[in-house]
Ligand code: MN
């Protein structure tokens with residue numbers, strides 16, 4: 001058994017996030033596990049850039065009020081207890097609502113070493129017009 005002490009939170013890189021975003025690594029499975037779980041904390045209006053995950057991603061909101069959108073879909077509000085699944089290759093973004101902090105767990109599987117594609121593909125930032133839609 002490993003008891004893993006709390007590490008310092010990591011600032012979300014500015015090419016992947018806009019606004020103040022910090023995350024904590026909750027689980028990073030050792031091979032053969034490919035488990036990945038991060039707790040991601042967004043300040044109001046902070047959000048990811050557009051992106052998609054090769055193995056899909058499950059989000060579970062633990063705190064605050066958030067927004068999520070798939071490419072071509074409506075901006076959807078998400079609240080504590082809500083779980084959102086984005087299938088492999090589906091472009092989307094997620095973040096905090098304008099006047100609320102939001103924390104979610106992000107859960108996905110890393111790719112095996114013989115899969116020669118990125119785990120997450122990142123695109124452009126979510127514009128204010130898209131965010132406010
Ligand atoms: Mn995502």
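Can you name the strands (runs of 3 or more DSSP E) wholly within the range 6-100 that have at least 1 residues being free of Cβ contacts under 8 Å to residues at least 60 places away in the same chain and closer than 16 Å to residue 128 by Cα?
Values: elements: 21-28, 35-42, 51-53, 57-64, 66-70, 76-78, 83-86, 92-96.
Where strands (runs of 3 or more DSSP E) fall fully within the range 6-100 and carry at least 1 residues being free of Cβ contacts under 8 Å to residues at least 60 places away in the same chain and closer than 16 Å to residue 128 by Cα, they are 66-70, 76-78, 92-96.
For the range 95-113, check the following and say yes or no: at least one residue is closer than 17 Å to residue 16 by Cβ and in contact with a helix residue (DSSP H, G or I) (Cβ under 9 Å, 6 or more places away or on another chain).
Within the range 95-113, one or more residues are closer than 17 Å to residue 16 by Cβ and in contact with a helix residue (DSSP H, G or I) (Cβ under 9 Å, 6 or more places away or on another chain).
Report yes if residue 64 is at pLDDT 95 or above, crowded, with 18+ Cβ neighbours inside 10 Å and more than 13 Å from the ligand (Cβ to nearest atom), otherwise no.
yes
Go through the range 86-108 and give me each residue that's within 13 Å of the ligand (Cβ to nearest atom), over 11 Å from the mean Cα position of the chain (by Cα) and on the phi < 0 side of the Ramachandran plot.
Step one: of the range 86-108, the residues within 13 Å of the ligand (Cβ to nearest atom) are 86-95, 104-108.
Subsequent filtering for residues that are over 11 Å from the mean Cα position of the chain (by Cα) retains 87-91.
Selection gives 87, 88, 90, 91.
The values are calculated or read from the model by the stated rules, or taken from the named source; none is laboratory data. It should be emphasised that the depicted structure is a prediction, and the values quoted were computed from it without experimental measurement. When we count neighbours, we look across all protein chains shown, and the Cβ atoms used for this are built from the backbone with ideal geometry, even at glycine.
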